[in-house]
1. Identify, please: which residue in the stretch 11-29 is touching a residue at least 24 places away in the same chain (Cβ under 8 Å) and open to solvent by 10 Å² or more (accessible area, probe 1.4 Å) and is, among those, farthest from the chain's Cα centre (by Cα)?
2. Taking the stretch 158-213, which residues are open to solvent by less than 20 Å² (accessible area, probe 1.4 Å), within 22 Å of R2 (Cα to Cα) and assigned to a helix (DSSP H, G or I)?
3. Of a type in the set (G, A, S) and touching a strand residue (DSSP E or B) at 6+ places or on another chain (Cβ under 9 Å), is that true of A4?
4. So E53 clears everything in (1) open to solvent by 60 Å² or more (accessible area, probe 1.4 Å); (2) among the acidic types (D, E); (3) at pLDDT below 95; (4) in a helix (DSSP H, G or I) except one condition, right? Which one?
5. Applying the selection to the stretch 114-140, what residues are out of contact with any Pro (no Cβ under 9 Å at 6 or more places or on another chain), closer than 21 Å to I173 by Cα and either buried (at least 19 other Cβ atoms within 10 Å of the Cβ) or of a type in the set (A, V, I, L, M) (or both)?
6. Which numbered condition trips up N85, out of (1) open to solvent by 50 Å² or more (accessible area, probe 1.4 Å); (2) closer than 21 Å to Y28 by Cα; (3) not in a helix (DSSP H, G or I)?
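The values are calculated or read from the model by the stated rules, or taken from the named source; none is laboratory data. What you see is a predicted model, and the numbers here were worked out from it, not measured in a lab. Quick reminder, even Gly has a Cβ in these numbers, built from the backbone with ideal geometry, and neighbours come from all protein chains shown. Note: areas computed on protein heavy atoms with side chains; ligands, DNA, RNA excluded. Shrake-Rupley method; radii C 1.70, N 1.55, O 1.52, S 1.80 Å.
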Amino acid sequence: MRRADTILFDLDGTLTDSGTGIINGVEYALKKIGMRVDNKESLRCFIGPPLQEQFRDFCRISMKEAGKMVEFYREYYTEKGIFENSVYSGIPELLQYLQEQGVKLAIATSKPEKFARIIAKHFDIERYFDFIGGARMDGTRTKKSEVIEYVLEECRFLDRENIWMVGDREHDILGAKTTGLFSVGVLYGYGDRKELEIAGANKIIKSPGELVTLWKEGV
């Protein structure tokens with residue numbers, strides 16, 4: 001039996017239910033360029049992946065043009081969208097339990113680190129984490145593997161054999177694979193079982209409470 005001594009968490013869709021703010025921000029950006037949004041559910045694909053790449057693929061535009069879309073998005077998100085958000089039920093209890101057991105905790109998100117820190121502080125979960133790492137505001141360090149490597153380096157987490165990455169989308173699982181971490185996919189976020197299985201998640205859980213059980217049992 002081997003328990004994790006360090007756990008990295010994705011933010012959107014894993015710690016917080018951030019869909020409303022992200023979708024509203026994307027809709028705002030699309031309307032700025034005259035794109036009509038008939039079904040806001042179609043914008044759920046923006047929750048999780050790096051925004052610039054997602055705008056590029058969704059709008060079929062260049063990365064430079066997609067960068068401008070991110071600027072539009074932030075006009076809304078910085079003022080309103082960032083707080084159109086909530087912590088999932090059971091997350092504070094999960095984080096407190098793991099911290100009490102001596103597990104080192106960190107956030108590894110493709111969201112800009114500046115925003116991630118504001119959100120963690122606003123929702124009073126900042127105190128559970130040894131480090132909060134994310135993308136740069138200039139659009140670099142957005143790939144999940146890059147963020148994970150950054151967090152591991154900043155925290156000097158050297159023994160990857162006992163580090164887990166927990167997230168709700170394929171990007172989290174693939175990032176964990178690339179960096180040699182054990183991956184745990186969550187089903188209460190914005191991904192689904194098929195996506196997580198195809199990405200190669202080592203374990204899949206349905207609720208925050210199941211992560212406690214998984215940690216106790218070890219892998």
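1. For the stretch 11-29, the residue satisfying everything is Y28.
2. Once the filter is applied, which keeps residues that are open to solvent by less than 20 Å² (accessible area, probe 1.4 Å), within 22 Å of R2 (Cα to Cα) and assigned to a helix (DSSP H, G or I), the stretch 158-213 yields D172, I173, G175, A176, T179, P208, L211.
3. yes
4. (1)
5. Hits for the stretch 114-140 are A116, F129, I132, G133.
6. Answer for N85: the failing condition is (1).
For (1) among the β-branched types (V, I, T); (2) in a loop (DSSP other than H, G, I, E, B), each residue gets a yes or a no:
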| position | (1), (2) |
| --- | --- |
| L105 | no, no |
| I119 | yes, no |
| D124 | no, yes |
| T142 | yes, yes |
| E146 | no, no |
| E149 | no, no |
